[in-house]
Amino acid sequence: MADRRRFRLGIAASLCLVASAAAGQQSKTVIGPSNPELHDGAQALLAGDGKEGVRLTLEGLARAPTTRERLLGMTNLCAGYIMLKQLDTALDYCNRVIAEDDNRWQAFSNRALIYVKLQRYDEAEADLEKAEAISPNARTVKVVRSMLLDKTEPVAPNIVIDDRREPAGNDED
């Protein structure tokens, strides 16, 4: 259950909300995000609805007017396809973002998560190092780092249960 919760947290934290990015690009007469589909797609992904989030994000991506919105949309698609367990498609979107801008820690974090799921731990480690160099305090990166450590260096329990005791009611001493 903790792994599932950590996975959801990792995905939620991986999402880049287009609304905040779009806010700086709005004219003074426009209220709300400049690309409602990207915004609504990000909101759906944050709410855990991968299918609707991907659908809306694809619509918004087709109309993304700026490189920034396009990269944010592709980063969100990477996260959305991870949610849908379509790791090859997710990996493709992460790779496209990184090929265009290798300073996006979210794409490295998302790709590291994919690599953890694919048990490609060396590649996950390399991507986490890049993400940590770009954004050392990003919570998402820390979550994915802990997921990688759980897989590569699992912690053995320190509790030993001694069940050699006599059953209750046999105290004849």
Which one of these does R68 not meet: (1) among the basic types (K, R); (2) under 18 Å from the mean Cα position of the chain (by Cα); (3) over 21 Å from G50 (Cβ atoms)? (2)
From the residues in the range 78-103 that are of a type in the set (D, E, K, R) and farther than 18 Å from V144 by Cα, which one is surrounded by the most Cβ atoms within 10 Å (Cβ to Cβ)? R96
Can you tell me which residue within the range 60-77, out of those that are of a type in the set (G, A, S) and out of contact with any Pro (no Cβ under 8 Å at 6 or more places or on another chain), is surrounded by the fewest Cβ atoms within 10 Å (Cβ to Cβ)? A62
K130 passes all but one of the listed conditions (1) exposed (fewer than 14 other Cβ atoms within 10 Å of the Cβ); (2) touching a helix residue (DSSP H, G or I) at 6+ places or on another chain (Cβ under 6 Å); the exception is number (1)
Which numbered condition in (1) in contact (Cβ under 8 Å) with a residue 24 or more places away in the chain; (2) under 25 Å from D150 (Cβ atoms) is the only one that P65 fails? (2)
If we scan the range 104-113, do we find a residue that is buried (at least 18 other Cβ atoms within 10 Å of the Cβ), in contact (Cβ under 8 Å) with a residue 40 or more places away in the chain and either over 20 Å from T140 (Cβ atoms) or of a type in the set (A, V, I, L, M) (or both)? yes
Can you tell me which residue within the range 104-157, out of those that are among the small types (G, A, S) and over 22 Å from Q86 (Cβ atoms), is modelled with the lowest pLDDT? A156
If you scan the range 35-55, which residues turn out to be crowded, with 19+ Cβ neighbours inside 10 Å and within 12 Å of L77 (Cα to Cα)? L38, G41, A42, A44, L45, G50, G53, V54
Take R63 and decide whether it is closer than 19 Å to G41 by Cβ, at pLDDT below 95 and not small (G, A, S). yes
Pick from A133, A79, A42, A90: which is part of a helix (DSSP H, G or I), among the aliphatic types (A, V, I, L, M) and without any contact (Cβ under 8 Å) to a residue 24 or more places away in the chain? A133
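The values are calculated or read from the model by the stated rules, or taken from the named source; none is laboratory data. In this text the structure is predicted, and so the values were computed from the model without any measurement. All Cβ positions, glycine included, derive from the backbone under ideal geometry; neighbour counts span all protein chains shown.
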